[in-house]
Amino acid sequence: MHPVVLTAQPASIDLGGPVVETWAYGEAVPGPLVRLPAGDRLVATVTNALPDPTSVHWHGIALRNDMDGVPGLTQKAIAAGRSMKYEFTAPDPGTYMFHSHVGTQLDRGLYAPLIVDDPAEPLVYDAEHVVVLDDWLDGTGRTPDSVLKELQAGGMDMGGMDMDGMSAGGDSPLSPLLGGDAGDVQYPYYLINGRVATAPNTVTFTPGTRLRLRIINVGSDTAFRVALGGHRLSVVHSDGFPVRPVDTDAVLIGMGERIDVLVTLADGAFPLIALAEGKNASGLEVIRTGSGAAPTADTYPRELAGQVTGALMLEAADDAFLAERRPDRTHDLVLGGSMSDYQWTINDRVYSDRKDLQVRPGEVVRLKMTNSTMMFHPMHLHGHTFQVRSATGRGPRKDTVMVLPGETITADLVADNPGQWLVHCHNVYHGEAGMMTALAYIK
Ligand SMILES: [Cu+2]
C-alpha cells in the first residue's frame with residue numbers, strides 16, 4: 001500500500017522571477033512526485049481547499065473505472081472543502097502524471113508526475129530525471145477560465161479561423177512539424193519543472209552518466225520539441241510503454257504524451273531545451289556535469305534543427321506490441337471544429353450531445369480518428385493503452401496520440417477494463433469546447 005496525501009489549494013508560486021497566484025497540489029508546481037512499484041496499491045487522500053469543485057485523473061493508468069477522476073462520468077466532483085480517497089492498483093510500469101479533470105484546471109498548476117516502477121526494470125542506466133513541460137499563463141492577468149471565455153467570445157487569442165475551422169492565416173502561428181496551426185493560445189511563459197527559461201533549474205551529474213529522462217508534457221495548448229544540446233537521445237518509451245530504441249537529435253511531444261529517453265552525458269554544462277513548437281519561445285533546464293558557462297534562455301542548440309522523432313515514428317517493443325487481430329468493432333471519430341463559436345467536435349457533436357462509442361467486454365476495438373481541422377489534436381483514451389497501426393502495422397503502444405490536420409490514425413485496443421471512459425483532445429480548451437466523447441461498455 002502506497003499512501004499519498006494531496007491538497008488542491010490556492011498557492012503563490014515563484015516561477016523564477018514571476019510570482020503567480022494559482023491553484024496547485026500543496027505549495028509547489030509541479031506538485032509532489034508520486035512513485036510506486038507496478039502492482040502496488042495507491043491510496044491517495046485528496047482534500048479540496050479550492051473555492052471550486054475538483055477531481056484527480058491518473059493519466060495513462062489502466063485503473064478501475066470509479067477512480068478515473070472524471071466528474072459526471074466516473075464520480076461526483078469533490079466539492080470545495082471536501083475530501084475523497086482514490087484507491088487503485090497501478091498495473092503497468094511507466095511514466096505517467098496526475099492532474100485535475102475539472103474545467104480548465106489543468107492549465108493552472110494542478111498537475112504532478114506519477115511514476116510506476118518496474119520491479120524487474122530491463123533498462124540499464126545510472127540515474128534518472130523527471131522533466132515536466134508546461135505552458136503557463138495563470139496569474140499573469142489572465143486565468144484559464146478567462147482565456148476560454150475570450151476564445152468562445154470569438155476574440156481568438158492567437159490568429160483566427162473561419163467558420164469551417166480553416167485557418168484564416170495572417171497571425172496564426174504555423175508549424176510544419178504539426179502540419180498546421182500550432183495552438184490557439186499565446187502564453188507568456190514556458191516552464192520546465194516549474195521554472196521560466198530566464199531562471200532555469202540546474203541539475204548536476206558526473207560525466208559519462210547514463211541518464212534516463214522521463215519527459216512529460218502537461219501543457220494545455222503547446223507541443224514541445226525537446227533536445228539536449230551536444231547530445232543524441234535514445235528514445236526507449238512512449239506513454240509508459242517500451243519501444244524499439246531509436247536514436248535522434250530531438251523528440252516532439254504533444255499535450256498528455258510522455259517520452260522516455262536515455263542519454264550518456266558529456267562533460268560540461270548543457271541546455272535541455274523545450275521549444276514551444278511553432279510559438280517562438282522555449283523552456284530551459286541546465287544539465288551540468290562539469291565547468292563552463294551555463295546556457296541562457298536564448299540558446300538554440302543545433303539538435304533542435306536536426307532529426308526530430310515523434311511518437312508515430314516509433315514501434316512498440318515486442319513485450320508491448322498488440323498483434324493485429326480482426327477488430328470486432330470499428331468506431332470512426334471525425335475531429336471537427338466550428339470556429340465561429342469556438343466549438344470543437346467529434347463526429348459533429350460536442351460532449352454534452354455525444355453519442356457514446358459502445359463496446360462489449362473482450363472485443364478488439366478499432367478507433368479511426370480523422371482530423372478535418374487545421375490544428376493537431378492529441379487524442380487521449382482513459383483506462384486503456386491502444387496500439388497505433390502505422391503503415392507497417394506496427395506503431396507504438398500509447399494512450400495519447402497526436403492526429404495532425406488531414407491525417408487518419410488507426411488505433412486498436414482490447415476492451416478489457418469495463419466502465420465509462422473518456423476519449424478526448426488533450427488540448428484543454430478543445431476538450432472544454434466540446435471535443436470529448438465516451439467509450440462506453442455495454443453488456
Ligand atoms: Cu484538439
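Brief remarks on what is shown
- Here the strands (runs of 3 or more DSSP E) wholly within segment 1-66 that include at least 2 residues being open to solvent by 10 Å² or more (accessible area, probe 1.4 Å) and at pLDDT 95 or above are 2-14, 19-25, 34-37, 41-48.
- Test: ASP171 is open to solvent by 10 Å² or more (accessible area, probe 1.4 Å) and modelled with pLDDT under 95: yes
- Among the residues of segment 100-147, those that are open to solvent by 50 Å² or more (accessible area, probe 1.4 Å) and of a type in the set (A, V, I, L, M) comprise ALA120, VAL124.
- Restricting the first member to segment 75-90 and to residues that are without any contact (Cβ under 8 Å) to a residue 12 or more places away in the chain, and the second to residues that are surrounded by 15 or more Cβ atoms within 10 Å (Cβ to Cβ) and not in a loop (DSSP other than H, G, I, E, B), no beta-carbon pair is closer than 6 Å while six or more apart or on different chains.
- Test for THR392: is it closer than 25 Å to ARG244 by Cα, β-branched (Val, Ile, Thr) and out of contact with any helix residue (DSSP H, G or I) (no Cβ under 9 Å at 6 or more places or on another chain): yes
- Scanning segment 321-364 for residues that are modelled with pLDDT of 95 or more, more than 23 Å from the chain's Cα centre (by Cα) and within 13 Å of the ligand (Cβ to nearest atom) gives no hits.
- Restricting attention to segment 365-374, the residues being crowded, with 24+ Cβ neighbours inside 10 Å and more than 16 Å from the ligand (Cβ to nearest atom) number 0.
The values are calculated or read from the model by the stated rules, or taken from the named source; none is laboratory data. Bear in mind the structure is a predicted one, so any value in this text is a computation, not a measurement. Glycine also receives a Cβ, built like all others from the backbone with ideal geometry; neighbour counts cover every protein chain displayed. These area figures cover heavy atoms from the full protein model, side chains too; ligands, DNA and RNA do not enter into them. Shrake-Rupley method; radii C 1.70, N 1.55, O 1.52, S 1.80 Å.
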